[in-house]
Amino acid sequence: MTAEQQDGYRSMVDGPRGRLPGPYRVWVHNPKLVHAIAPLGSHFTPGQSALTEREREITVLIICSKWGSAYPTNSHERRGKEVGLPPAVVDA
């Protein structure tokens, strides 16, 4: 990784997430993107968000569905069901 990519990587790993989850693994290749999107992502981090897990999953599902993002939609449909969202809510 370039020095800038390493800085983006470190900011994620040393931050509240403590790891490099999901899309951040790809985004870290564009350091400007990581630094711009990380604050938004923190709103969806368990323990960092004012939203409950169910509210967070509904929010993520709406956003992913709106943008036609198949992979995260599929992932969060499963997660939504795990946190107790009824299948009809997940499907909607």
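The values are calculated or read from the model by the stated rules, or taken from the named source; none is laboratory data. Just so it is clear, the model here is predicted, and its values are computed rather than measured. A quick note on method: Cβ atoms are made from the backbone with ideal geometry, for glycine too, and the neighbour counts reach across all protein chains shown. In case anyone asks, the SASA skips ligands and DNA or RNA and just uses the protein heavy atoms, side chains included. Shrake-Rupley method; radii C 1.70, N 1.55, O 1.52, S 1.80 Å.
Taking first residues from region 1-13 that are within 11 Å of Leu33 (Cα to Cα) and partners that are of a type in the set (Val, Ile, Thr), the Cβ contacts under 7 Å between residues at least 6 apart in sequence or on separate chains come to Gln5/Val28; Gly8/Val28; Gly8/Val34. Can you tell me which residues in region 53-69 are open to solvent by 70 Å² or more (accessible area, probe 1.4 Å) and part of a loop (DSSP other than H, G, I, E, B)? Answer for region 53-69, where residues must be open to solvent by 70 Å² or more (accessible area, probe 1.4 Å) and part of a loop (DSSP other than H, G, I, E, B): just Trp67. Looking across region 36-50, the residues that are more than 18 Å from Asp14 (Cβ to Cβ) and open to solvent by less than 70 Å² (accessible area, probe 1.4 Å) come down to Phe44, Ser49. Total residues in region 13-34 satisfying the condition of being surrounded by 13 or more Cβ atoms within 10 Å (Cβ to Cβ), modelled with pLDDT of 80 or more and part of a helix (DSSP H, G or I): the figure is 5. Taken over region 70-88, the residue count meeting the criterion of being in contact with an Asp or Glu (Cβ under 7 Å, 6 or more places away or on another chain) and open to solvent by 60 Å² or more (accessible area, probe 1.4 Å) is 1.
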